[in-house]
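Below you'll find the structure, written out as structure tokens, and then a few comments.
The values are calculated or read from the model by the stated rules, or taken from the named source; none is laboratory data. Not measured: the values here are computed from a predicted model. When we count neighbours, we look across all protein chains shown, and the Cβ atoms used for this are built from the backbone with ideal geometry, even at glycine. Quick note on the areas: whole protein, heavy atoms, side chains included, nothing else; ligands and nucleic acids left out. Shrake-Rupley method; radii C 1.70, N 1.55, O 1.52, S 1.80 Å.
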Amino acid sequence: MIAQLRISTGTVTISGNLTLNSPGVRNNITINSTGTLNVAGSFTDGGAAGISFAAGSTVNFNGNGAQTIPAYSYQNLTCSVSGAKTAAGSFSVAGTLNVASGVSLEMEGFDLSGAALTTSGSGNVVTKSTSATPLPSGRTWSMNVYYTFAGNQTVVSGTYNGSFIAGGGGTKSAAGNLTLNGILSVGSTSTLDMGTSSILLGSPTSIVSPGIIKTAVPTATSSTPFPAGLNWGSVGTVEYAGTAAQTAMAGTYHNLTVTGGGTKTLSGNISVGGTLTFTSGKINGGTNTLTLTSATPATQVSGGSPSSYIYNTGAGRLRRNNLAINTNNNFPVGSPTYFNPVVVKPLDAVKDFAVSMFEGLNQDGTSTGTPLPNKNPVVNATWNVDLINGDPGNDGAEITLSWNTALEGAAFATFTGPQIGISHFTTGNWQLAVGSGDNTANTATATFDSFSPFAVGKVGTVLPISFTNLKAYEKQRGVQVDWKVTADKNVSTYVVERSADGRNFSKIGTVTANQSDLASAYGFYDAAPLQGTGYYRIASQQKDGSNSLSAVLRVNLNKSIKETIIYPNPVKGSMLSLQSTNLEKGNYSIRMYSVNGQELLQLRFDHNGGAINQMINLPKNLQPGMYDIMLDKAGSRVMSKKVMVQ
């Protein structure tokens, strides 16, 4: 039992227990300078008020086993030898906290503070405090740090060089960014909620996290809520829960959950070995692939709805591996606007498939090709369903496509279920639609043994072909009509039609189709044209009895009028033409502008002189209204016209 203990320099070791009498001016411990007090037993102060530790001093609890640490203001505090050193109350450390290997500083429900605290040692610091600052924030921790209260806790920002363990249950909410250079572990009943803060993992780092790691960091704040390329381990869940747009980092996940409502944009390719769960919010895959690798395909995907699915652009896909035979496998895909999912049922062997879709239906099956001229009898969408490993031609699958009603053409909306099927683009052509559908559920189902791309139309018909390089111009005493198609395997005949008013057309000749998988060019000469202005169009008559119509071409044979026009105007479709009976030879550019001066289209072409009929594909999703079209040659304005788009 001690009344007074004063240490200036050197070391004083108490090999047993240290006890102060009841409060009094003579009952105190003072370390005035750089001295060290070693306490191997218990430290009981009896309520003494005169405890003073000067700058540079150290108190070392070095007992071989459990010890209790009184609630004082320490300069340097060391926990050494072995055992748990348990706090008797909240205390502060102004200098260095050293927790040796094999030793745990158990803070229990009390707070450790110290605005300038530094750390050393590789032991453990364990906190169960539920305050807003259980530990000092912004510090670098050399030792392992455990947040283990059986409920919610605040995790302070800082650099954790040892293991970071969030356990005990409940939600551990980060109060700032965490830099982790050791093991990251979240217990199976715990959630590490990063909120709008980031995890900045260093190296080396391993992740052993059977619990949930949750982030709501908006892309506007940080495009790296986690480092890219992490392997999140074989257990646990990462949850992207932001209400605003977020970046989902490339890497290997076990479970991945999408919630919160905001769109999650992939920073790169992602692999999910457990379950991908769609709750709310979309995934923008961009050109990246999200691959589901679980050997149990029934648990690969959960959810998928009009408010939560994945969409891609370019070569990006949702890929699912190990799909079982005769089992429906859901691919919750869509466009940025609409949910248009796919179901794939392998029929011959366990296979891997990758799926994406885009709005629009083009003659070559790509997202950048020339649009089909008549989309009334189809769904204006294209699905890519790819067999990743297998034998095309032998490994078949039943495919079910679904779509939003807004993508249906006017005629398609009247079809009954048995009239609806799936068309496959192969050998350069859209093939006859096969299968059956449901125009209430908006689904179509058919079986194929070769894949991508697919579209939905009327059973027994092929999708309309598209015309390119369409021209009508004065030649000698008549009118020459020229056109090209990329492929016309299913076309039997082309009919050339003429009109005096652009509305009422009659047949003036036919041209037999090449019926080729390759591009073909055709021409027809009208030796007895109408005087003045005449209108021409081409009708393709297909083998299934359907037909497609080209755009209308206008030819003016009045020699006194040498005008350059835009036709038709107003325009209702996706195509118009620049026409002239005598345009000078040269290099030209066509530009289209909105009323506020925004450039919407630019097209360059070379002209050999004379008559011209230059087709112009209008931009997709062009809104009705008035637009300006300019024709320039070598920087000089040749024509300026206003066009009404209806």
Query - Under the Debye formula (equal points on every Cα, no solvent term), log10 I(q)/I(0) of the range 524-581 at q = 0.18, 0.29 Å⁻¹ - result: -0.76, -1.23
Report task. Quick one: which residues, 5 or more positions from Ser120 or on another chain, have an amide H under 5 Å from its amide H? H modelled 1.01 Å from N in the peptide plane, none for Pro or chain starts. Result -> Leu97, Asn98, Val99, Ser142
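Where both partners of a DSSP beta bridge lie in the range 335-473, what percent of those bridges are antiparallel, to the nearest 5?
Working: 33 of 34 bridges.
So the antiparallel bridges amount to about 95 percent of the total.
Relative contact order for the chain: what is it in percent, counting Cα pairs under 8 Å that are at least 6 residues apart?
Numbers: 2023 pairs, mean separation 28.1, N = 646.
Result for the chain is 4 percent.
From Cα pairs below 8 angstrom and at least 6 apart in sequence, can you work out the relative contact order of the range 36-110, rounded to a whole percent? Write down the numbers at each step before the final one.
Numbers: 177 pairs, mean separation 19.8, N = 75.
Relative CO of the range 36-110 lands at 26 percent.
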Report task. Round to the nearest 10 and report in Å² the accessible area of Thr130, as given by a 1.4 Å probe over the protein chains' heavy atoms. Result -> 90
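Report the calculated FRET efficiency for Thr118 and Asn389 (r = Cβ-Cβ distance, R0 = 56 Å), to the nearest 0.05.
E(calc), rounded to 0.05, equals 0.50.
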Query raised in the report: By a straight-distance test (C-alpha under 15 Å), which aspartates and glutamates pair with Lys264 as possible cross-link partners, with residues fewer than eight away in the same chain excluded?
Result: Glu239
Query raised in the report: With each label point set 7 Å from Cα along the Cα-Cβ vector, what nm distance links Tyr593 and Thr366?
Result: 3.1
Requested in this report: Check each of the trypsin sites (Lys or Arg not before Pro) in the range 482-529 and keep only those in coil by DSSP with at most 11 other C-beta atoms within 10 angstrom; list them in order.
Outcome: Arg503
Report task. Scale the Cα Rg of the range 11-166 by the rule-of-thumb value 2.2 N^0.38 Å and send over the ratio, two decimals. Result -> 1.00
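Quote the charge dipole size of the range 461-613 about the Cα centre in Debye, to the nearest 20; the model charges only the Cβ of Lys and Arg (+1) and of Asp and Glu (-1). Don't skip to the end; give the middle numbers.
Working: 17 positive and 12 negative charges, 44 e Å.
The dipole magnitude comes to about 220 debye.
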**Report entry** Inter-label distance, nm, simple model (7 Å from Cα along the C-beta direction), Asp628/Lys641
**Finding:** 1.7
Report summary line: Longest the chain segment clear of GluC sites (Glu not before Pro) sitting in DSSP loops (not H, G, I, E or B) with at most 16 other Cβ atoms within 10 Å runs 1-562
Report summary line: Under the 7 Å Cα-to-Cβ spin-label approximation, Ala539 and Arg503 lie apart by a distance in nanometres of 1.8
**Report entry** Debye, to nearest 20: dipole size of the chain, +1 on Lys, Arg Cβ, -1 on Asp, Glu Cβ
**Finding:** 1400
Requested in this report: Return the label of the correct value of Cα extents along the principal axes in Å, as calculated from the structure shown, out of (1) 127, 61, 34; (2) 107, 68, 48; (3) 97, 53, 44.
Outcome: (1)
Requested in this report: Using the charge dipole of the chain (Lys, Arg: +1 at Cβ; Asp, Glu: -1 at Cβ; taken about the Cα centre), state which of Ile69, Pro225, Leu201 has its Cα farthest towards the positive end.
Outcome: Pro225
**Report entry** Within straight-line cross-link reach of Lys507, lysines at Cα separation under 30 Å, skipping those fewer than 8 residues along the same chain
**Finding:** Lys375, Lys458, Lys471, Lys475, Lys484, Lys489, Lys543, Lys559, Lys562, Lys572
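Compute the projected area of the convex hull of the Cα atoms of the range 432-533, averaged over all viewing directions, and report it in nm² to one decimal place. All intermediate terms of the calculation are to be shown ahead of the outcome.
On the way: hull surface 36.8 nm².
That works out to 9.2 nm².
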Query - J(HN,Hα) series, the range 150-166, from Karplus relation 6.51 cos²θ - 1.76 cosθ + 1.60, nearest Hz, glycine and proline x - result: 7, x, 6, 9, 9, 9, 7, 5, x, 10, 10, 8, x, 6, 10, 10, 10
Requested in this report: Report the antiparallel proportion of the DSSP beta bridges in the range 225-376 as a percent, rounded to a multiple of 5.
Outcome: 25
Requested in this report: Search the structure for amide H atoms under 5 Å from the amide H of Ile465, placed 1.01 Å from N in the peptide plane, and list their residues when 5 or more places away or on another chain.
Outcome: none
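Tell me, what is the Rg over Rh of the range 141-293, with Rh the Kirkwood radius over Cα pairs? Each step should come with its number before you reach the end.
Working: Rg = 14.2 Å, Rh = 15.1 Å.
Rg/Rh for the range 141-293 comes to 0.94.
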Report task. Just subtract the alpha-carbon distance of Asn582 and Arg604 from 0.36 nm times their residue separation and send over the number in nm, one decimal. Result -> 6.1 nm
**Report entry** Inverse mean reciprocal Cα-Cα distance (Kirkwood Rh) of the range 45-127, Å
**Finding:** 12.6
**Report entry** Amide H contacts under 5 Å for Ile283, placed H, 5+ residues apart
**Finding:** Lys264, Tyr309, Ile310, Tyr311
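Would you mind calculating the gained length between Asn32 and Asn322 on full extension (0.36 nm times residue separation, minus the Cα-Cα distance), in nm to one decimal? The partial results should precede the final answer.
Numbers: separation 290, 0.36 × 290 = 104.40 nm, distance 7.13 nm.
Result: 97.3 nm gained on full extension.
Looking at the chain, send over the antiparallel percent of its DSSP beta bridges, to the nearest 5. If you can, show how the numbers build up before the last one.
Numbers: 112 of 226 bridges.
Antiparallel bridges make up about 50 percent of those DSSP assigns within the chain.
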Report task. Work from the charge dipole of the chain (Cβ charges, +1 for Lys and Arg, -1 for Asp and Glu, about the Cα centre) and give the residue of Asn442, Val235, Phe278 farthest towards its positive end. Result -> Asn442
